[in-house]
Amino acid sequence: MNYSVVIPTVGRPNLDVLLDALAAGEGPDPCEIIVVDDRETRLGPAAARNTGWREARGDWVAFVDDDVVLAPDWKARLAADLEGLPADVGASQARIVVPLPDDRRPTDAERGTAGLATAHWITADMAYRREALARAGGFDERFPRAYREDAELALRVQDHGYRIVRGARTTTHPVKPATFLTSVRDQRGNADDALMRRLAGARWRSRIGGRPGRLPAHAVTTAAGVLAVLCGAVGWRRGGGALAAVWIGRTAWFALARIAPGPRTAAEVARMTVTSALIPPAACWHRLRGELRHRRVRR
């Protein structure tokens, strides 16, 4: 068994720590460590990973993100995970741990990162048999962000008859840095969901083990708000008032659902209140943009 390590990067400070861990850790060394810097091309992690694995010489290609923390014995545990796997196993996924604060409830952003611990097939730490990557054609570079591109590849690999197993190695994924509007910017992923639907079919969420999306609810909230404004513009106050009440009620319910499991500090409540009003129209806009952009994509 031999393997290569591919790390797409945008220059995060953790990269040097990661490379030091790979150099000094216990276990068999990789054939090579390939770091693909995406800061100049801005083609996204899918393209960066494709560049890396196509240059790799190992029978296995271990994809590792530049913001994870590897255990000192990661190389030994990876080798143990891969050793002796039957030919029909195309990939081995690590167990991802997201450390959360012990002294308070996690914020909305922290809960979002914590979802990586139960996600299927994420490339924060994922080793693919090189043959499986070649047969599937690698990552679809139409996915511009680190979102859905890994799950879509995993579906195609499995469609080629390979199994994906979960290894025993554990990798830590720290909570991602967040700003006031991070949750609003994250709605760009709705455009990628449109591409995912085109590529994997209408039941793609169940195929990747995901929960139902909130887009239908966001569409209702957004429609109520837009129609309330239009009614006010044409002077239909009664209809506009009723629709405004629907928008306020749905927005308040959404905000409360996000506030309740969190720390409920003044800053978090303010952030949830503002972003809960902005997320529904942002989600709808990005989904519409994605549907239009990928309208000619076929399975």
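Against the chain, whose longest principal axis comes from its Cα atoms, helix 237-259 is set at around 30 degrees.
Order by neighbour count: 123, 275, fewest other Cβ atoms within 10 Å first, most last.
Numbers: 123 26, 275 22.
So the residues, fewest neighbours to most, are 275, 123.
Between residue 14 and residue 220, the distance separating the two model label sites (each 7 Å from Cα on the Cα→Cβ line) works out to 3.7 nm. Here the Debye sum runs over all C-alpha atoms of the chain as equal scatterers in vacuum, and log10 of I(q)/I(0) at q = 0.09, 0.10, 0.14 Å⁻¹ comes out as -0.51, -0.62, -1.10. Think of region 36-126 as having a plus end and a minus end, set by charges on the Cβ of Lys, Arg, Asp and Glu; of 36, 79, 109, 109 sits farthest toward the positive end of this dipole. In terms of other Cβ atoms within 10 Å, 269, 165 run from fewest to most in the order 165, 269. Report the paramagnetic label zone for residue 59: residues of region 127-144 whose backbone N is under 19 Å from a point 7 Å from Cα along the Cα-to-Cβ axis. It comes to 127-136, nothing else. Classify region 181-299 as rounded, prolate or oblate, taking a ≥ b ≥ c as the square roots of the eigenvalues of its Cα gyration tensor: rounded when a/c is under 1.5, otherwise prolate if a/b is larger than b/c and oblate if not. Oblate shape, in that a/c is at least 1.5 and b/c is the bigger or equal ratio.
How much length is gained on full extension from residue 80 to residue 288, taking 0.36 nm per residue of separation minus their Cα-Cα distance?
Numbers: separation 208, 0.36 × 208 = 74.88 nm, distance 4.52 nm.
This chain segment gains 70.4 nm when fully extended.
In this simple spin-label approximation, residue 180 and residue 1 carry label points 7 Å from Cα along the Cα→Cβ vector, and these lie 5.0 nm apart. Between region 188-224 and region 240-285, the alpha-carbon centres lie 20 Å apart. Every Cα-Cα pair in region 236-299 was counted, and those over 15 Å apart are 64% of them.
May I ask you to sort 1, 196 by Cβ crowding, counting other Cβ atoms within 10 Å and putting the fewest first? Before the final figure, lay out each step's value.
Details: 1 14, 196 26.
So the ranking, lowest neighbour count to highest, is 1, 196.
Projecting label points 7 angstrom from Cα along Cα→Cβ for residue 160 and residue 295 puts them 3.3 nm apart.
For region 176-191, list residues with backbone N below 11 Å from a point placed 7 Å from the Cα of residue 267 toward its Cβ? Within reach of a label on residue 267, which here means backbone N under 11 Å from a point 7 Å along Cα→Cβ, region 176-191 contributes 178-180. Here the extension length gained between residue 234 and residue 100 equals 43.2 nm, from 0.36 nm per residue of separation less the Cα-Cα distance.
The alpha carbons of region 3-178 occupy a box of 46, 36, 30 Å along the principal axes, longest dimension given first.
Read the figures in this text as sums done on the coordinates, not as results from a lab. Everything numeric here is computed off the predicted structure, so don't read it as measured data. Neighbour counts are summed over all protein chains in view; Cβ atoms, including those assigned to glycine, are modelled from backbone coordinates with ideal geometry.
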